[in-house]
Protein chains: 4
Amino acid sequence: MSAEYTPAAENDRIRVALLGASGKMGRRAVEAVTAAEDMELVAELTSTDPLERVLEAGATHVVDLTVPDASPDNVAFAVEHGLHTVVGTSGWVQQRRERLQAQLAQHPQVGVLIAPNFSVGSVLASAFAAKASRFFESVEVVELHHPAKLDAPSGTAVRTAEMIAASRAEAGVAPSPDATERDPDGARGAEVDGVRVHAVRLRGLEAHQEVLMGGPGEQLTVRHDAFDRGAYMPGVLLGLRRVAAHPGLTYGLDGYLDLD
Amino acid sequence: MSAEYTPAAENDRIRVALLGASGKMGRRAVEAVTAAEDMELVAELTSTDPLERVLEAGATHVVDLTVPDASPDNVAFAVEHGLHTVVGTSGWVQQRRERLQAQLAQHPQVGVLIAPNFSVGSVLASAFAAKASRFFESVEVVELHHPAKLDAPSGTAVRTAEMIAASRAEAGVAPSPDATERDPDGARGAEVDGVRVHAVRLRGLEAHQEVLMGGPGEQLTVRHDAFDRGAYMPGVLLGLRRVAAHPGLTYGLDGYLDLD
Amino acid sequence: MSAEYTPAAENDRIRVALLGASGKMGRRAVEAVTAAEDMELVAELTSTDPLERVLEAGATHVVDLTVPDASPDNVAFAVEHGLHTVVGTSGWVQQRRERLQAQLAQHPQVGVLIAPNFSVGSVLASAFAAKASRFFESVEVVELHHPAKLDAPSGTAVRTAEMIAASRAEAGVAPSPDATERDPDGARGAEVDGVRVHAVRLRGLEAHQEVLMGGPGEQLTVRHDAFDRGAYMPGVLLGLRRVAAHPGLTYGLDGYLDLD
Amino acid sequence: MSAEYTPAAENDRIRVALLGASGKMGRRAVEAVTAAEDMELVAELTSTDPLERVLEAGATHVVDLTVPDASPDNVAFAVEHGLHTVVGTSGWVQQRRERLQAQLAQHPQVGVLIAPNFSVGSVLASAFAAKASRFFESVEVVELHHPAKLDAPSGTAVRTAEMIAASRAEAGVAPSPDATERDPDGARGAEVDGVRVHAVRLRGLEAHQEVLMGGPGEQLTVRHDAFDRGAYMPGVLLGLRRVAAHPGLTYGLDGYLDLD
């Protein structure tokens, strides 16, 4: 708990200011924070509102769901005023994160969470897959998405494959066995760091991923389904509840999930 | 029931002669026929045994699980002697089937079943997928096999995709929607008659296939798992039980499954 | 095509009047019909609108998504005026259907479809399961729904189990083998006509069902997922497109799906 | 590495004596150890062989796959002679384990692993489920086995449910929501420490388990399939490779899997 944040009573609710309240994610977050019994939504800002409204409303926490151009200034403002901040905006490349860390060094009790993926289930699934894959001869990734998606494979699938490859390399596991001699049309899919990744596109789906691991006589499967944007809200709330206890910058929801 | 096959009593058991009894499939078939209460295994022949043993043993039905070079002569012999025959040997290309049909025209009450795939579940799965896929915007096929398999995708997956494509063409269904613009490593898999097919190879698996169909707000999945060669035996027994009631040549187990 | 329905040209669009347009299903149907290129939504009625508006708008087809108390009068009115009708309202017990059939006898060219389930995928899944289950020793049903559901198992699961049981009885298949001796807490689930049915309740789900069929060395699985109410719209549209070609009363979408 | 075990060279192979070599698991273990490049199978004992053969053969490690009556004496003998031991025999209740720990206190460099479940995948699956389930509103367990199983639910499912319940209790998570009012036939399955457990029995299956976790808009599924006894061998080999580095008694394979 930050010294800059001194609630009158232990049981006081988290006072949340939401930046980007009119976006798709923002509107969902408005609903989620409003419904959370341990939180109070004290300010909803859109791009035309002055940041001072956050202070006037007495917020203790900020959620930034804006755009890459606005996010760094928003977060700098929040940190400057001792407010714990949860960031779901993209574009936080390393250089930006380093600048933020320099600022946070001046505010040692403020916590900031920047999460490229707010789905608790998705983050857990990737972590489990990375951890388990070193115990199996074979591992492949299948991601399934709605047919309007422009990229294949998905960014999450690429990151998952990279995590799996790193875990297996660390443990000295050989590549997955594969005797394929003829595959004229590329049915075996993409290879990401030596891990096969398959991309399915299907009307009716949203965002789904399955990691299949196999050894002699057994299979372990870790599957995550995100049916709609609501999937990201538990991660936002979890971030708000834990950010004060994690001063400094945390990148990735993993750090809050007690995975190690 | 063939006139050439006149059992003493309605309840008599099917008297089976098994050709190719020492092969992998053959040994399984020996077990399966022996265990079937309505059948009697009266002869087990290997490649060195004379075909006359089939007649000496009083067989009424023959199962041919031999090799492509031997199978046509075996079947011709069986038909010549009025024995209903179930064939699991590969290599029965169209020309061979036509020659057999010519012979069967002389023996109008003899039934022969040649099945490229004896798994009842697999045949049902492909048929259902073909039938249903015309009602969904999207359809893709995922096949999963042991990592010693040489070809990708599997022959069954190719045939399933062809059946699906034909069904959708007949119904005038548009291709599955796909907005993919970037897929540098081929994660979207192979395309067979316009249907995406993905091939997974995983230690621990045998032969598995999943057809995914999707429309707005819904998904229909038909999955078949063959865990071991035992999966083909119910199809062999079903063939033996029904072949006498299907005089002439039947190609594919589908014809015995009341699918239409 | 009904003689009472004489379009000016072959390519004329289906002119749809929607009763119950303000309900949950109704609003979805408004969107779906509006988006269908071969249809025109000519009237949207709520409970306070007079039925004559259907005629004034020149509708050729009616969709009834109202309430059990209103539906019989709505359908009688539509039939009286020669309009083909698709009904998604519940409460059409046998007595009501018989009265409607009597009326339809006077209007031999009018088609009415009453469907207890408008999900094409769900109807196909149940039909496939019934057809396939007679070829497998074992069959069980697992239904999964959102946790606000009041009944277990679901009505669809009960009907599916009944269809499976009837199919197996017709084929003389023995009950699924089960050596269970100790099950103190009822983990084996419910028994519906001798078929085990399991009900899972999980936040995040909508309506899902899996039929598992197993034989020696193989498994066949038919799964349907309804992620949201959109799942029912393709069935409503399919009904509208085919109802004129099916004069008289059809009960259940199955009759339109060319399943036999 | 135990001081009592002084290999001539770092790269020496693990010298394994196998007790219970003629049982079902034992025969599999003979194959697995023989195939492992870093191991040498120096002795195979059945119930009539004197334990001294283990010493004569120069074993450094013992695998006990015998029967509950013989296992404690076997393990005591191995520990007495400074041999690291991996135990797959059942019946090691707490009292027996305490007696063994007392003996191990006298041999501080000897390692013993007793594992109720040698499937690495199954152990990982249960651990992941326990860890993840506290982040989801809902959790249920479905276990699927061959139809000759006498108990429902399976012991693994009971232990998994207990682990899940303990994890959720620790995190203060509310029970899974469930509005069921009518379930006359018990479709909702068993309740183990407040966690619903469903048991499916299906011909063709061996031992499978699925933990379903759900939150708003998302689902996380962890599934393990054991297709045959081969599934337990990687766990036995992993135990042999790591037991010398874990002096004292380890109960459960979890302790070797770097899960925390």
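All of the numbers you see were taken from the coordinates with simple rules; none came from a lab. Treat the numbers as computed from the prediction; the structure is a model and nothing was measured. Virtual Cβ from ideal backbone geometry, glycine too; neighbours counted across all protein chains shown.
The fewest-to-most ranking of B:D49, B:D185 by surrounding Cβ atoms within 10 Å reads B:D49, B:D185. For the protein assembly as shown, a Kirkwood hydrodynamic radius built from all Cα pairs, placed in the Stokes-Einstein relation at 20 °C and 1.002 mPa s, yields a translational diffusion coefficient of 67 µm²/s. Using a cutoff of 8 angstrom between alpha carbon atoms and counting only pairs six or more residues apart, the relative contact order for chain A works out to 23 percent. Considering only C:L205, C:L45, C:L150, the Gaussian network model of chain C with Cα springs below 10 Å gives its largest mean-square fluctuation to C:L150. In plain terms, the residue of B:L113, A:L259 with the fewest other Cβ atoms within 10 Å comes first and the most crowded comes last, giving A:L259, B:L113. Note on segment D:48-89: Cα convex hull, mean projected area over all directions, 2.7 nm². At the listed q of 0.20, 0.31 Å⁻¹, the Debye profile of segment D:115-169, built from one uniform point per Cα, gives log10 I(q)/I(0) equal to -0.75, -1.31. Chain A residue nearest by beta-carbon to the axis mapping A to C, with distance in Å: A:F227, 3. For segment C:120-227, the residue among C:S122, C:G215, C:A169 whose Cα projects farthest onto the positive side of the dipole built from Cβ charges is C:S122. With label points defined 7 Å past Cα in the direction of Cβ, position C:R13 shows copy-to-copy spacings of 4.8, 6.9, 7.7 nm, given to one decimal and shortest first. Ordered by the count of other Cβ atoms within 10 Å of each Cβ, fewest first, A:T160, C:T221 give C:T221, A:T160.
Using only atoms on other chains, find how many Cβ atoms lie within 10 Å of each Cβ of peptide C:118-129 and report the average. Show your work: numbers first, answer last.
Details: counts 0, 4, 7, 12, 2, 1, 8, 5, 0, 3, 9, 1.
The shielding value for this peptide is 4.
The modelled label-to-label distance between D:D12 and D:H81, using points 7 Å beyond Cα along the C-beta direction, is 1.5 nm. Rounded to the nearest 500, the helix-only mean residue ellipticity at 222 nm of chain C stands at -9500 deg cm²/dmol, with each DSSP H run of n ≥ 4 adding -39,500 (n - 2.57).
Each copy carries D:Q94; placing its label point 7 Å along the C-beta direction from Cα gives inter-copy distances of 5.3, 6.0, 7.5 nm, listed from smallest up.
Please give the FRET efficiency for D:Q109 paired with B:E52, using the beta carbon to beta carbon distance and R0 = 51 Å, rounded to the nearest 0.05. So, using R0 = 51 Å, E works out to roughly 0.10.
When each full DSSP H helix of chain C is screened for a Cα extent of at least 20 Å along its own axis and an average Kyte-Doolittle hydropathy of at least -1.0, the helices passing are C:155-171. Summarise the long-distance tail of P(r) for chain D by giving the % of C-alpha pairs beyond 30 Å. In whole percent, the long-distance tail amounts to 36. Have a look at C:V243, C:V192, C:V139 and tell me which one the Gaussian network model of chain C (Cα, springs below 10 Å) gives the largest fluctuation. It is C:V192. Normalising the Debye intensity of segment B:21-173 to I(0), with uniform scatterers on Cα atoms only, and taking log10 at q = 0.09, 0.21 Å⁻¹ returns -0.40, -1.30.
Once you reduce segment C:135-190 and segment D:40-67 to the center of their Cα atoms, the two points are 48 Å from each other. Distances, shortest first, from the label point of A:E56 to those at the same position in the other copies read 5.1, 9.4, 10.6 nm; the point lies 7 Å along Cα to C-beta.
Among A:P50, A:P72, A:P108, the residue with the largest mean-square fluctuation in a Gaussian network model of chain A, with springs joining Cα atoms closer than 10 Å, is A:P50.
Annotation: aspartates and glutamates with alpha-carbon distance below 14 angstrom to B:K24 (same-chain offsets under eight excluded): B:E44, B:D64, B:D228. Diffusion coefficient of segment A:120-227 by Stokes-Einstein, Kirkwood radius over Cα pairs, 37 °C, 0.692 mPa s: 232 µm²/s. The D:D69 and A:R241 beta-carbon pair, evaluated with R₀ = 60 Å, returns a calculated FRET efficiency of approximately 0.70.
Computed from the C-beta positions of A:E206 and B:D258, the FRET efficiency with R₀ = 30 Å rounds to 0.20. Net charge dipole, segment B:120-227: roughly 240 debye, given to the nearest 20, about the Cα centre with Cβ charges of +1 for Lys and Arg and -1 for Asp and Glu.
Distance between the modelled labels on C:A169 and D:E31, one decimal in nanometres: 4.4 nm (7 Å Cα→Cβ projection).
For a straight C-alpha distance cut-off of 30 angstrom, the lysines reachable from A:K131 (same-chain residues fewer than eight places away being disregarded) are A:K149, B:K149, D:K131.
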